[in-house]
Structure formats: C-alpha cells, structure tokens
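Reviewing the structure listed below.
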Amino acid sequence: MMEELIPLLMFPVLLIFLLSGYPVAFILSGTALLFAGLGHYLDIFYLDDLGFLPSRIFAIVSNFTLLAVPLFVFMGITLEKSGVAEQLLQTISYLLRRVRSSMTLAVIVVGALLAASTGIVGATVVTMGVLSLPTMLQSGYKKELACGTIAASGTLGQIIPPSIVLVLLGDMMNVDVGDLFAGAIFPGILLVGLYIAYVLGVSFLDKSSEDRIEPALKPASTKEIFAALIPPLLLVTLVLGTILFGIASPTEAASCGAVGAIFIGFWKGKLNWKVCRNIGIETAQTTSMVFMILIGAQFFGVVFRGLSGDEVITDIIQNLQWGPYWVLLALMLILFVLGFFLDFLEICFIVIPIVLPIMTGLGFDPLWLAILIAVNLQTSFLTPPFGFALFYLKGVAPPEVSTMDIYRGVMPFVAIQIFALFILAVFPQIVLWLPKAIF
C-alpha cells in the first residue's frame with residue numbers, strides 16, 4: 001500500500017512547493033530528486049534509472065520540431081514591437097464603426113488576427129488593454145464586459161495556429177504539428193463566433209447600451225486599411241499555408257514567419273539596434289523558460305514512472321470500471337481545476353505524459369484529444385486566482401478597474417470556452433475533418 005501511495009504523493013508535494021514562488025523548473029526536478037531518494041531508501045526505486053535522463057534531455061534540445069518554439073516566439077515579439085496590434089485595432093474599429101458594440105467586436109477580431117500572427121497572450125492582452133480599455137470605459141462600456149472581452153480575446157493565441165502550445169502538445173503526444181494546426185482552425189473560429197455572439201447578445205439585452213457613445217475615429221483611407229491588414233494576413237498565409245499544403249514543416253514555416261516579421265518591422269520603421277536587442281533577449285528568456293520546465297518535467301516523469309506511478313493510476317482507473325467518456329470527463333475536470341493554480345506549460349509537461357497512454361489505450365484519437373486539451377488549457381489564463389491574462393490586464397488597467405471587475409468579466413468567457421469544449425467533444429469531426437481533407 002505504501003509503495004502505491006508514494007508516487008501519488010508527488011503531486012500534492014509539488015503543488016505545495018509551487019506556492020513558494022520558486023522557479024517551476026527547479027521545483028519539478030527538486031521534487032523528483034526528493035522522491036527518488038525516498039524511493040531508494042525504501043528500496044522501491046533504483047537510482048540507476050536516472051541514467052536515462054542525459055539522453056532524454058539531449059533528445060529535447062536537439063528536437064527539430066521543438067525548434068519551432070523559439071522561432072514562433074521571435075516572430076510574435078517582433079510583430080508586437082512593430083506596432084501591428086495598434087494599427088489593426090484602429091483599422092478594425094473604423095471598419096466596424098457603424099455596428100453596435102463596435103469596440104468589443106473590434107477587440108475580438110483583432111485578438112483573433114493577433115493570435116494567428118503573434119500567439120503571445122501577454123503581449124496581446126497588454127497591448128489591447130492599453131489601447132482600447134480606457135476608450136471603452138469613456139464610451140460607456142461596462143467595466144466587466146470590456147475587461148472580459150480583452151482578456152478572453154488575448155487568449156485566442158493558445159488555440160488559433162500557429163500556437164506554441166500546439167507545437168508542444170504535438171511533440172509530447174506524437175501527433176504531426178501540421179495536423180494539429182489544421183485541426184485547430186475550426187475550433188478557433190468556433191470560439192471567435194461564440195465570443196461575438198455573446199457580445200452582441202449582451203448588447204441587445206442591455207438597454208443602457210443604447211446610450212453608449214462610440215469613440216470618434218479618424219477616417220482611414222484605403223491605403224491605410226490595406227497597410228494595416230495586408231502584412232499580418234500575408235504572414236499568416238505564409239506560415240499556415242506552407243504547413244497546410246505540405247510545402248514546409250512547422251519548423252521551416254516558423255523560420256519563414258520569423259523572417260517575414262523582420263521585414264514587416266523594418267517596413268514599418270519600428271526596428272533599430274536597441275529594439276532588435278530587446279527582441280533577442282525576450283526570445284531567449286521565453287525559450288529558456290519553456291525548455292527548462294520541459295527538462296524539469298523529464299526528471300519528474302522518470303521518477304514517477306520509476307516508482308510505478310503510471311501503473312498505479314492505470315490500476316485505479318481499471319478498478320473504477322468507468323467507461324471511456326467518463327474517464328475523458330474526469331481528465332478534463334482535472335485539467336480545468338489545475339488551471340486555477342498552474343500555468344499551461346506546467347500542466348502539459350506534468351500531466352500529459354502520464355495520462356496519454358491511458359487515453360490512447362481507451363481508443364481516443366490523439367489529434368482530437370490534443371485539441372480538447374488545448375481548449376481546456378486556454379481557460380487557465382482566465383481562471384482566478386493565478387490566471388496570467390488577469391494579471392496582465394490588471395497591470396495596465398485604469399485605477400477605477402478593480403480585480404473583482406476583471407474576475408466578473410472573464411467568468412462568462414470561461415463558460416463559453418467550456419461550452420465550446422463540450423461541442424468539440426460531441427462533434428469530433430469539427431476537429432478531424434480538415435486534417436483528413438488536406439493530408
């Protein structure tokens with residue numbers, strides 16, 4: 001009984017250590033080494049098993065697919081520094097100026113476009129919060145609706161390709177990243193459509209919105225509209241088009257996107273030596289964080305399996321005698337609850353390697369399962385108390401916007417994401433049709 005309990009204790013101990021605020025990568029590896037020592041003392045773990053770690057770490061840093069991570073990060077940061085978001089927001093707001101709730105609709109559309117070009121949640125939320133939140137509040141939008149729309153739209157980069165989380169999931173779940181990108185397109189469109197439907201519904205039901213004064217926008221010429229829309233759309237077409245039509249691998253397409261982002265930055269006159277230096281530093285920091293967490297997760301996974309933790313979990317599920325879809329529901333609930341406390345990277349690297357053999361053994365399509373997990377993990381950016389999108393928005397929000405205003409604003413969008421997850425679970429062809437049609 002003690003031997004079965006020890007690997008399960010790794011998770012609560014890990015969560016306790018995470019509350020200390022110490023770097024996650026070192027907590028993962030430190031917890032693993034602590035339990036490795038305990039297992040060796042109890043003669044249920046052989047330290048020789050840690051000899052697999054060097055080869056596994058080398059396999060991570062030499063993985064050609066994972067090379068897309070720093071390239072997509074570089075592309076996103078470069079576009080953010082190029083002022084693409086500001087021009088897009090101004091242009092889309094002008095094009096939708098005659099539509100009711102035009103500012104919220106513009107934020108959702110721009111969030112989707114930025115997701116397809118940058119995919120960096122923090123940069124998107126901060127940029128749209130700075131540019132649109134004060135204007136929306138002055139125009140009479142309710143604080144909850146304005147904050148919720150900005151935060152939720154900023155998280156679309158987690159599901160709309162090219163997405164870093166999809167690259168990581170594809171590598172961990174042995175699914176072709178191109179297939180994942182294709183499978184995520186319709187779910188991303190579904191989420192955008194549900195957001196728009198919610199915003200329009202609130203606008204028509206809220207009588208006070210009739211007195212809202214939409215901001216006066218400077219007329220945009222056709223040249224300005226094309227200058228704002230064409231570069232990011234061309235970049236998205238370059239990256240996704242080359243992947244979906246089999247011209248380039250995701251890593252090769254990411255390198256094309258990085259070069260395209262540099263051209264856009266120079267064309268807009270936003271790049272100089274100082275900016276390029278900052279882009280390089282931010283890219284290195286973000287990439288280092290991702291790979292250090294991934295290496296720490298390897299320590300955790302090796303020790304967990306060395307303590308027969310995967311066998312313990314499999315036995316528990318078999319003894320419960322649950323049907324496959326009840327197991328799927330349990331997994332989705334676990335991921336959702338973990339999203340309140342952990343970042344999506346930590347959840348991916350800790351949970352997915354453990355549950356993947358179980359879920360594939362139950363007959364679930366790995367591609368469909370990966371998209372469900374990605375949509376589920378998107379909620380982790382919005383769920384308090386540790387939703388990163390909430391922190392980003394609070395950091396740039398005007399003083400009159402409280403933390404509770406932001407919390408109340410994102411709750412309907414979390415419910416929308418859960419509803420979208422239910423739709424994708426009931427109708428898997430929304431995910432599977434396009435990859436099969438293309439590939």
In Å, descending, principal axis extents of the Cα set of the range 349-391: 38, 18, 12
0 to 90° range, to nearest 10: angle between helix 143-154 axis and the chain longest Cα axis: 60 degrees
Convex hull (Cα only) mean projected area of the range 155-297, reported in nm² to one decimal: 12.7 nm²
Gaussian network model of the chain, springs between alpha carbon atoms under 10 Å - residue of L329, L356, L88 with greatest fluctuation: L329
Equivalent ellipsoid dimensions for the range 109-161 as semi-axes, Å, which come from the Cα gyration tensor, largest first: 21, 10, 8
Nearest 10 degrees, 0 to 90: helix 2-18 Cα axis against the chain principal axis: 30 degrees
Listed residues I159, I150, I77, most fluctuating in the chain (Gaussian network, C-alpha, under 10 Å): I77
P(r) histogram, all alpha-carbon pairs of the range 100-215 included - 5 Å bins from 0, percent: 2, 13, 21, 20, 16, 11, 7, 5, 3, 1, 0
Ratio of Rg to Rh over the range 1-83 (Cα coordinates, Kirkwood Rh, two decimals): 1.15
Distant-in-sequence amide H partners of R97 (H built 1.01 Å from N, under 5 Å): none
The chain: calculated mean residue ellipticity at 222 nm from DSSP helix runs of at least 4, using -39500 (n - 2.57): -25000 deg cm²/dmol
Backbone HN-Hα couplings from phi across the range 66-76 [Karplus 6.51/-1.76/1.60, Hz, Gly and Pro as x]: 5, 5, 5, 4, x, 5, 5, 4, 4, 4, x
Per-bin percent of Cα-Cα distances, the range 303-374 [10 Å]: 17, 53, 29, 0
Descending principal axes extents, the range 351-439, alpha-carbon based, whole Å: 50, 29, 21
Solvent exposure of the chain as accessible area per residue, Å², 1.4 Å probe: 44 Å²
Among D179, D365, D43: highest mean-square fluctuation, GNM of the chain, C-alpha pairs under 10 Å: D43
Viscosity 0.692 mPa s, temperature 37 °C, Stokes-Einstein D of the chain from Kirkwood C-alpha radius, µm²/s: 144 µm²/s
Subset of K81/K268; K81/K274; K81/K143; K270/K394 violating a 21 Å alpha-carbon distance limit: K81/K143; K270/K394
Share of carbon and sulfur in the accessible heavy-atom surface of the range 115-203 [1.4 Å probe, %]: 63 percent
Where Rh is the Kirkwood radius over Cα pairs, Rg/Rh for the range 260-396: 1.10
Nearest-ten-degree value, helix 24-41 long axis tilted from longest Cα axis of the chain: 10 degrees
Spherically averaged projected area of the range 62-135 from its Cα convex hull (nm²): 5.1 nm²
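The values are calculated or read from the model by the stated rules, or taken from the named source; none is laboratory data. Because the structure is a prediction, the values reported are computed rather than measured. Keep in mind that these areas ignore ligands, DNA and RNA; they rest on the heavy atoms of the full protein, side chains included. Shrake-Rupley method; radii C 1.70, N 1.55, O 1.52, S 1.80 Å.
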